[in-house]
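The values are calculated or read from the model by the stated rules, or taken from the named source; none is laboratory data. Note that the structure is predicted; figures quoted are calculated from it, not measured. Glycine also receives a Cβ, built like all others from the backbone with ideal geometry; neighbour counts cover every protein chain displayed.
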């Protein structure tokens, strides 16, 4: 009986024109009981409009129900609903919790303590390294890292989390079986095998911009806190931080250079007292020791590179935030021009930087 009820709830979720409030009305009136026998007039008595009543009746037909289950199976999608015991407890307490989650992978990750790591798609090398190293440390400590599988910071966070036992959850705006953005195909496949892909969007629904604010709300809702690594003033990552604040979750921010537009949003979070500063993984993990069962907190990996000398690492960090000329590097680094020239040649040999026309260098 429970299996049938949850399938009907999923059918309502996938019915065109039936939204969260309509489902809430049906659930509040115990409307799933005997739902298969109801005709449009019966649904009208529960408060549905004529159009919605006819759509729900058609959606619950045996043929449509079987087609829906076959579609899930074809794509390897499973479903967990608000009626199920393994529905994530953190989501039950947010505003308008989703009635249905579609997933591929390890559902048990949703029962673990989660920390969200988010940021800009147009990340710097510094930002991606920070996101990956922080996420690896969180995962080694037992926190599951949740993000949105976008380019830049999100992708780096997922990659770092896969290095530890905590694993990672990717919350998609697209349907669970749609790889978006396409360039994250290899990352998607690895998360599907080793972590968890989650979406509230039914299969075959076209991607549109309105999906992504909802994705941000789910990321924040699943997590104990949100770490913003790099974000411009109007970055979508700041919307996730706003959702975290709204749901009484913790917000953290990684400081970046004041000269970098990509760090402006995180610096504003810190300036306004909205976020706690993150200088290393311990700044976050210490807030959640009670969830980790006394797990030893590993030392966060250094941003340094064992293949680089101290001077090479210094120049590489300067270029990580954007291109610079040799003259600018000489001024900012304090190195003599002769030493700088030798360092630049060495970094090019090691394929860490590239010289563009006009003696302008970029980090690779």
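Only helices (runs of 4 or more DSSP H) wholly contained in segment 249-364 count here; list those with 2 or more residues that are in the same structural domain as residue 124 (by TED's automatic domain parsing), under 27 Å from residue 228 (Cα atoms) and modelled with pLDDT of 90 or more.
Values: elements: 264-271, 282-285, 289-292, 310-320, 326-333, 337-349.
It comes to 264-271, 282-285.
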* Asked: So which residues in segment 4-31 are touching a helix residue (DSSP H, G or I) at 6+ places or on another chain (Cβ under 9 Å), part of a loop (DSSP other than H, G, I, E, B) and modelled with pLDDT of 90 or more?
  -> 14, 15, 16, 17, 18
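Of all residues in segment 128-147 being within 17 Å of residue 235 (Cβ to Cβ) and in contact with a helix residue (DSSP H, G or I) (Cβ under 6 Å, 6 or more places away or on another chain), which is modelled with the lowest pLDDT? Step through it out loud before you land on a result.
Initial filter on segment 128-147 (within 17 Å of residue 235 (Cβ to Cβ)): 128, 130-131, 147.
Going one step further and asking which of them are in contact with a helix residue (DSSP H, G or I) (Cβ under 6 Å, 6 or more places away or on another chain), we end up with 128, 131, 147.
On the way: 128: 91, 131: 95, 147: 98.
Among those residues, the one meeting the criterion is 128.
Just to be sure before I move on: is residue 63 without any contact (Cβ under 8 Å) to a residue 60 or more places away in the chain and out of contact with any helix residue (DSSP H, G or I) (no Cβ under 7 Å at 6 or more places or on another chain) in the structure I sent? First the steps, then the outcome.
On the way: without any contact (Cβ under 8 Å) to a residue 60 or more places away in the chain: yes; out of contact with any helix residue (DSSP H, G or I) (no Cβ under 7 Å at 6 or more places or on another chain): yes.
Taking the combined requirement at face value, the residue satisfies it.
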* Structure fact -> Subset of segment 220-248, residues within 20 Å of residue 133 (Cα to Cα) and either in a helix (DSSP H, G or I) or without any contact (Cβ under 8 Å) to a residue 40 or more places away in the chain (or both), comes to 237
* residue 103 fails exactly one of the following numbered conditions: (1) assigned to a loop (DSSP other than H, G, I, E, B); (2) in contact with a strand residue (DSSP E or B) (Cβ under 6 Å, 6 or more places away or on another chain); (3) over 29 Å from residue 262 (Cα atoms). What is the number of that condition? -> (1)
* Structure fact -> The number of residues in segment 79-100 that are part of a loop (DSSP other than H, G, I, E, B) and out of contact with any strand residue (DSSP E or B) (no Cβ under 7 Å at 6 or more places or on another chain) is 11
* Could you tell me whether segment 229-236 includes any residue that is under 12 Å from the mean Cα position of the chain (by Cα), farther than 23 Å from residue 107 by Cα and surrounded by fewer than 22 Cβ atoms within 10 Å (Cβ to Cβ)? => yes
* Can you spot a residue in segment 197-209 that is in the same structural domain as residue 238 (by TED's automatic domain parsing), more than 20 Å from residue 236 (Cβ to Cβ), touching a strand residue (DSSP E or B) at 6+ places or on another chain (Cβ under 6 Å) and at pLDDT 95 or above? -> no
* To do: Can you tell me which residue among 60, 91 is outside the structural domain of residue 145 (by TED's automatic domain parsing) and more than 30 Å from residue 166 (Cβ to Cβ)?
  => 60
* To do: State all residues of segment 31-52 that are closer than 12 Å to residue 12 by Cβ and within 37 Å of the chain's Cα centre (by Cα); if no residue qualifies, say none.
  => 31, 32, 35, 48, 52
* Pick out the one residue from 170, 176, 157 that is under 27 Å from residue 205 (Cβ atoms), touching a strand residue (DSSP E or B) at 6+ places or on another chain (Cβ under 6 Å) and assigned to a helix (DSSP H, G or I). => 157
